[in-house]
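Heads up: the structure comes next, in structure tokens.
Please treat every number below as a calculation from the coordinates, not as lab data. Everything numeric here is computed off the predicted structure, so don't read it as measured data. Every residue, glycine as well, gets a Cβ built from its backbone with ideal geometry; the counts of neighbours run over all protein chains shown.
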Amino acid sequence: MNLGELKLKKEELPILHESCFEIPIHPRLLESNLTLPHDLASETFRETIDDWYEDLRNYVNKENLKPTKRKWYENYWLKEKTKIERQGNHQVLMPCQWMDKYITQENGFARCFSISRDFGGSLYFPSSHGECEDILSLSSENRGYIRFSAEKAKEFGFEELELGDEKVVKVHIYGSHNIDHYHSALFLRNWAINYMNKAFEFIVN
């Protein structure tokens, strides 16, 4: 697949039940001989801010939200355009007070994204790869958390299996922690998508 076909799209990775989503990890990104910039997560954090604000505003305008929740979003999260402040080595998104915390492996791959441990949430990929896996159907394109075509599912798969009469692939994904609300799920999903799409540039010749 070329870079354009490989890149993740928001519609392929929907947020369900207001806070649940999955980000698949291409197996090439886990190879020890691949080198990624260690500040790539920081760079894509900045690039996610305006995108997140617009997506959240569209969500609040279109979804049938309870009046109290709509007011909460409008009066706090959308009241003023977000901006970045510096705190030491970190960028802080204001007024949310979300910080660009991340952990990279030796090859530069980010195995953890966190905006706030207690109020916001984190994505993580443990060193033991078997802990964060999912099964993708090669025939069901528009169900579940990862809605890839069969071709794209195979591209991200590292092990093909048969479940009854159906062929499936097992893929690496990020796990999640303390993601309780749509606005934080939206930021983490968009940040991870932007990060992965930048990282793909290093595996596509």
Taking Met1, Met196 and counting other beta carbon atoms within 10 angstrom, the fewest-first order is Met1, Met196
Helix 182-200 against the longest principal axis of the chain: what's the angle in degrees, Cα atoms only, rounded to the nearest 10?
50 degrees
Report, by chain and number, residues whose modeled amide H sits under 5 Å from the one on Gly121, excluding near sequence neighbours (fewer than 5 apart, same chain).
Ile115, Ser116
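Using every Cα-Cα pair within the chain, state what percent have a distance larger than 32 Å. Spell out each step's value before the answer.
Values: 3658 of 20910 pairs.
For the chain, the share of Cα pairs beyond 32 Å comes to 17 percent.
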Tell me which residues come under 5 Å, amide H to amide H, from Lys101 once H is placed; ignore anything under 5 positions away on its chain.
Ser114
Springs between alpha-carbon atoms under 10 Å, Gaussian network over the chain: tell me which of Gly144, Gly88, Gly120 tops the mean-square fluctuations.
Gly88
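Can you give me the relative contact order of region 149-200 as a percent, contacts being Cα pairs under 8 Å and 6 or more apart?
On the way: 23 pairs, mean separation 10.7, N = 52.
Across region 149-200, relative contact order equals 20 percent.
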Packing-based exposure ordering (other Cβ within 10 Å, fewest first) of Trp52, Trp77
Trp77, Trp52
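Restricting attention to region 102-201, which GluC sites (Glu not before Pro) occupy a DSSP loop and are surrounded by at most 16 other Cβ atoms within 10 Å?
Values: sites: Glu106, Glu131, Glu133, Glu141, Glu151, Glu155, Glu159, Glu160, Glu162, Glu166, Glu201; in loops: Glu106, Glu141, Glu201.
Within region 102-201, the qualifying GluC sites (Glu not before Pro) (loop, at most 16 other Cβ atoms within 10 Å) are Glu106, Glu141, Glu201.
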What's the center-to-center distance, using Cα atoms, between region 147-172 and region 68-125 in Å?
32 Å
Here is the link list: Lys9/Lys66; Lys9/Lys154; Lys7/Lys81; Lys9/Lys62; Lys10/Lys79. Which ones come out longer than 18 Å on Cα distance?
Lys9/Lys66; Lys7/Lys81; Lys9/Lys62; Lys10/Lys79
Over the chain, calculate the relative contact order: mean separation of alpha carbon pairs under 8 Å at least 6 apart, over the residue count, as a percent.
34 percent
Using a 10 Å cut-off around each Cβ, can you sort Tyr124, Tyr102, Tyr73 from fewest to most neighbouring Cβ atoms?
Tyr124, Tyr73, Tyr102
